[in-house]
Structure formats: C-alpha cells, structure tokens
Number of protein chains: 2
Amino acid sequence: MTTEPMRSFMDRLRDRWAHADTLVCVGLDPEPAKFPAKFAHDPDAIFHFCRDIVDATAPYVCAFKPQIAHFAAAHAEEALRMLILHIGFRYPDIPVILDSKRGDIGSTAQHYASEAFDRYGADAVTVNPYLGRDSVQPFLDRADKGVVILCRTSNPGAGDLQDMVLYDKCGSGRPLYQHVAEKIARDWNENDNCALVVGATWPEQLREVRAIVGDVPFLVPGVGAQGGDVAAVVTNARTRDGAGLVVSSSRAILYASSGDDYAEAAANAARALRDEINRHR
Amino acid sequence: MTTEPMRSFMDRLRDRWAHADTLVCVGLDPEPAKFPAKFAHDPDAIFHFCRDIVDATAPYVCAFKPQIAHFAAAHAEEALRMLILHIGFRYPDIPVILDSKRGDIGSTAQHYASEAFDRYGADAVTVNPYLGRDSVQPFLDRADKGVVILCRTSNPGAGDLQDMVLYDKCGSGRPLYQHVAEKIARDWNENDNCALVVGATWPEQLREVRAIVGDVPFLVPGVGAQGGDVAAVVTNARTRDGAGLVVSSSRAILYASSGDDYAEAAANAARALRDEINRHR
C-alpha cells in the first residue's frame, strides 16, 4: 500500500475551487443560544449542530472556517477537534481554516502553530500581522499549511489603525493595510502559502488590495449578516481566472432557520450564496 | 456575612506595587521539555510545576502572567484554569494577566473576553489593537478587568509594522506605535483599565511612549532571556511615583535551575530581579 503525500492547502483550495465550482466558505461560529430546540438537552450540542451544518453544506463550499473563540468560551476544545476530524474524514477535498487570529513572538508563535496544525489538524490558520514577520514565521515555515493574514478587516473600527496613512517624503500617501498587503505578497509569501483577510464590507479596498498582490487568495468575511455586497466583492476582488476568493458567511447560513429544517435551510443558503457569487465571476 | 466587592485590576495592581514593593511579573510559560526530572512521569506536570513556581515566587511579584499558547498546545486548559484558581485562592492580592493577545470583531471579541474573564477567571488579558477600537470594546467594557494592549513589542521584527512612520502633511513623522499609544491613552482608556505592552528591548521607545501616555501602566516583557536592560527600562519607563511597570520575566525565572532546587532557584531569580529593579526606581 502506498500513501499519497498530503497536498498543500493552496493546491487543495485551488482544486476545490475548480472541481466544485464554488468560492463559498461556511464559518462555523456555534452560538448554543441560537441552536434549534432539539439541541436543548444535548451535552454535545456544539459538535452535533456543527456536524449537521457541515454535512448539509459540504457540496456547496470550498472551505470550512471554525472560529475558535466560540469553542473556547464554551470549554468545547474537544468538539472543535472532533469537528475538524469529521471534515477531514468525510470531506478530504475541503480544507479547514482555523480562525484564531493568533499573533505572538518566537517560541510562543511556535506553540500557536502547533495548536492549530498539530493539535487540531487545521489546514490553514488566520494570524495577525501587528507583531511583524518573525511572529508569523513559524506559520510561514509550514509550507503545506495556509497562513491567512489580517489585512483590511470587515468591522466598523477596522480603519482605526489599518487606514492610517503613511506618507512618503514626497507627500504621496498610502494606508497601512496596503503596506501590509505589499509586504506579505512581496516578502512573506516565499512558500506560496499566504492569503489575506479583506472584508466584504469594503469593496473599494478589495480592489486596491487585489491590484497590489496579484493572485494571492483573499478570505473575505462580511457578506450575509455584516451586509457586504456580493456583486461588488466578486467584481472587485476575483483573480484573472475568476477565482482567488474564499467568501465566508457564518450566521446567515448557520442560523438560516431555527426550526427542525435548520440543516436544509443552511444548505439552501450556502447554495444560494454560491450561485450568487458564480453569477458575477 | 457581608462580601466585599472585588476591587478592580488597576486598584489591586497599584496596591500590590505599594505594599509588596515589587514591579516583577513572573510569566508562566510551561515547556515540559525543560521541567526538572521529577516531573517526567507526572500526568499533571504542567499544573504542578507552575504551582510550585507560583508558591516560590509569590512574595516577590506584583502579577503572574500565564501564556495561554503553552497550555493550549499541550491540551492543558484545565491546568490553566486550576492554576489561576490556585493563585486567586492562595494569593488574592496578586492579579493574574492572561497573555493571549486576542483580537477579533464584535461577537467573537465577546467570546474571547468571556474565555479570559469568565472561563479562566483572569484579572486582565493582553489584546492586539490591529482590528481597531470596536474589537477591543468588549474588553474595555469590563471596567473591573485590565486590558493590556500591544504597543511596541519586544521581538526583533516588532518594527515591521509598528515602526512604520506616519507623516502629517507638514512632513513631520511619528511611528505607528506612538499613534497607537496616544489613541489608547486619549480615547480607549475611559474606564482607566488600559495598560500597554512595550518591550524591554527598546529603551528609547519606552521613554517615548511614557512621554505620550502619562501614568498608564506598562507590561514590559523582554528582560532576562531576551536581553532587555533593567536599568534602562526602569529609568526610561517608570511613572513619576517610581512605579507604573509590570516587568515580566519568564524563562530566566522558570528554568533558573533544572535540578531539584528549581523552586528555590526561581525564587532567587525573582527576588534578584525585584532588587535590581528597585535599585533604579
């Protein structure tokens, strides 16, 4: 028996875009208070609910993105581990991005990389660039894994730091997030394993970042509940081949129905988002 | 029986500075490979080792700072929770800063605040400012808790983003970390519960940030193993009353001896650091 070596996150993501014809990512942000009534007395509600969502939406997604705080605040590390195992076993073509936005120095960054990739078996992880390249290096060094770095986030306060304008001596200015984008695409992406977080709520910024970084993939949160416009996202941020995007929606899919049809409603919402995105590619 | 209301992190920190006459913080970064031989077959080695260090060094510290990645990578959430419980029970005057450098948006930030303060019972938490004020707001709103925000970190790559110079239209420039410091001191600190991370490895930057933020406390990592100079730190960063600093050392205290005298060696290292700091206050 021969074992095929595990392909890299980037190769798997590109394959999934092509073969499943979808740029949708389902964000797994479990909020037990929003679960359907049938989970009220289930001690493994977080795992069971997320597993049902995964099984219902898998045909329509290019990636799953569990958000670690939702598990950690509920003491549900084991549910997270089991969920990622379940995805890997049942849907080996769909990569998992662990959304943890870690950022720390040297030896501690190593531990965060180990948490994401070794403990939980994630294929990619979100990280924060504020501490500089050496804080991201332990993630970058895992060439088979994806490193999804915050650039221009989707929240209302994103601009507080990210939009600060850095002028050069000639008086020509560019906001911080564009410098971050350029630094990552030019210097940090030696292993071709970087992606950028750019929020769907800022279509103009999506276009500017795309112009800077070429074909580096974007993780785009903020469609759905946060109000990002799908047509503007796809038009402004797709790559030349009509892909390059991981468009993430969480609440609008997970909680599409609070009744017994929650899984079917989630599948319908994921399929509708896939179709809406594909109309503009 | 009446119960006294819990005092705020800031009040407790100031009291501890005054009454215990120490600015030392012991960083609890457990690395099982560095533990003394007696822990080799102990299934609770992480808890037991950290507890011994806490018990040995408590007289010499103003705060303890467990670093969460070291626990998470080892599946040791329960050890972390037990350790913070132990500190609260045995040393109620010594606040606990959970070093997790979290940063995320809206509802997710709420979950991270809940993780730190409700699940683990920490008195303060480190957070990353890159996502802007709304990402920090759920922490700021906990007026009794401390919010320790990254400003100028101690690592070699700290300057990659933090030193980027923002010029105004007149051509006068200031690096990003100084803007961050000013924003926090002026706008984010409404509940008087903010502190800043400024690395010991950058004495000049410590002085500049101190000039900007008045008496806002600093968490100062980077003395000891990372080589920060204690005299320069204290001289440049103390407040007018000779305090205002939480000077954190981890490896140089935790692993002062790998023999059976590890606890005594840790106590000696913590006491020596306290004395060295106090000579320059």
The correct pair for segment B:78-229, radius of gyration to one decimal and Dmax as a whole number, both in Å and from Cα atoms, is 16.1, 56
Shielding of B:95-107 by other chains, given as the mean Cβ count within 10 Å, works out to 5
Non-local residues with an amide H under 5 Å from the amide H of A:ASP141, with H modelled 1.01 Å from N and Pro and chain starts lacking one, are none
Expressed as a whole number, the average count of other chain Cβ atoms within 10 Å around the Cβ atoms of B:70-80 is 4
Beyond 20 Å (Cα-Cα) in this structure, taken from A:LYS34/A:LYS101; A:LYS101/B:LYS34; B:LYS65/B:LYS101; A:LYS101/A:LYS183, we find A:LYS34/A:LYS101; A:LYS101/B:LYS34
To the nearest Å², the heavy-atom accessible area per residue of segment A:136-281 with 1.4 Å probe amounts to 38 Å²
per DSSP, antiparallel bridges as share of beta bridges in chain A, % nearest 5, sits at 10 percent
Over its alpha-carbon atoms, the protein assembly as shown yields an Rg and a Dmax in Å of 23.6, 72
Taking every DSSP bridge whose two residues both lie in the protein assembly as shown, the antiparallel percent to the nearest 5 is 10 percent
For B:121-130, A:115-124, ranked highest to lowest by mean beta-carbon neighbours within 10 Å, the order is B:121-130, A:115-124
Summing +1 per Lys or Arg and -1 per Asp or Glu among the other residues with Cβ less than 14 Å from B:GLN226's Cβ gives -2
Within 10 Å of the Cβ of an average residue in B:132-142, the count of other chain Cβ atoms is 3
If every Lys and Arg gets +1 and every Asp and Glu gets -1 at its Cβ, then about the Cα centre segment B:31-188 yields a dipole, in debye to the nearest 20, of 320 debye
Cβ-Cβ cut-off under 11 Å around A:ASP187, Lys and Arg +1, Asp and Glu -1: the net charge is 0
Note on segment B:59-143: alpha-carbon gyration tensor, axes a ≥ b ≥ c; rule is a/c under 1.5 for rounded, else prolate if a/b larger than b/c, else oblate; result prolate
Per-residue ellipticity at 222 nm attributable to helices in chain A (runs of n ≥ 4 DSSP H, -39500 (n - 2.57) apiece, nearest 500 deg cm²/dmol) works out to -11500 deg cm²/dmol
re segment B:1-96: pairs of Cα atoms spaced beyond 19 Å account for a percent value of 45 percent
Here the percent of antiparallel bridges among DSSP beta bridges lying wholly in segment A:106-219, to the nearest 5, is 20 percent
Measuring from its Cα centre, chain B shows a charge dipole (+1 at each Lys and Arg Cβ, -1 at each Asp and Glu Cβ) which, in debye to the nearest 20, is 520 debye
In debye to the nearest 20, the charge dipole size for segment B:111-224, taken about the Cα centre with +1 at each Lys and Arg Cβ and -1 at each Asp and Glu Cβ, equals 220 debye
Counting sequence-distant residues (5 or more places) and residues on other chains, those with an amide H built under 5 Å from that of B:LEU196 are B:ILE149, B:PHE218, B:LEU219
Of the candidates A:VAL223, A:VAL234, A:TYR262, the farthest towards the positive dipole end of segment A:208-281 (Lys/Arg Cβ +1, Asp/Glu Cβ -1, centred on the Cα centre) is A:VAL234
At R0 = 25 Å the Cβ-Cβ FRET efficiency linking B:ASP192 and A:TYR167, nearest 0.05, sits at 0.15
Over the Cα atoms of chain B the radius of gyration and the largest Cα-Cα distance (Dmax), both in Å, equal 18.3, 65
Of the candidates A:PHE64, A:ALA122, A:HIS280, the farthest towards the positive dipole end of chain A (Lys/Arg Cβ +1, Asp/Glu Cβ -1, centred on the Cα centre) is A:HIS280
The local net charge around A:GLY242, scoring Lys/Arg +1 and Asp/Glu -1 for residues other than A:GLY242 whose Cβ lies under 15 Å from its Cβ, equals +3
Loop-resident GluC sites (Glu not before Pro) in segment B:150-230 with no more than 13 other Cβ atoms inside 10 Å, DSSP not H/G/I/E/B, are B:GLU190
For the pair B:GLU264 and B:ASP15, the simple spin-label estimate (label points 7 Å beyond Cα toward Cβ) gives in nm 3.4 nm
Sorted shortest first, the nm distances from the B:GLY214 label point (7 Å along Cα→Cβ) to its counterparts in the other copies are 5.0
The ratio Rg/Rh over the Cα atoms of segment B:210-262, Rh being the Kirkwood inverse mean 1/r radius, stands at 1.11
Over all viewing directions the Cα convex hull of segment B:177-281 casts an average projected area in nm² of 6.8 nm²
One would report the Cα pair-distance distribution of segment B:161-207, bin width 5 Å, in %, as 5, 18, 24, 24, 17, 10, 2
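The values are calculated or read from the model by the stated rules, or taken from the named source; none is laboratory data. The shown structure was predicted, so the numbers you read here are calculated from the model rather than taken from an experiment. Positions of Cβ are generated from backbone atoms using ideal geometry, with glycine treated the same way; all protein chains shown enter the neighbour counts. Ligands, DNA and RNA are excluded from the accessible area calculation, which covers all protein heavy atoms including side chains. Shrake-Rupley method; radii C 1.70, N 1.55, O 1.52, S 1.80 Å.
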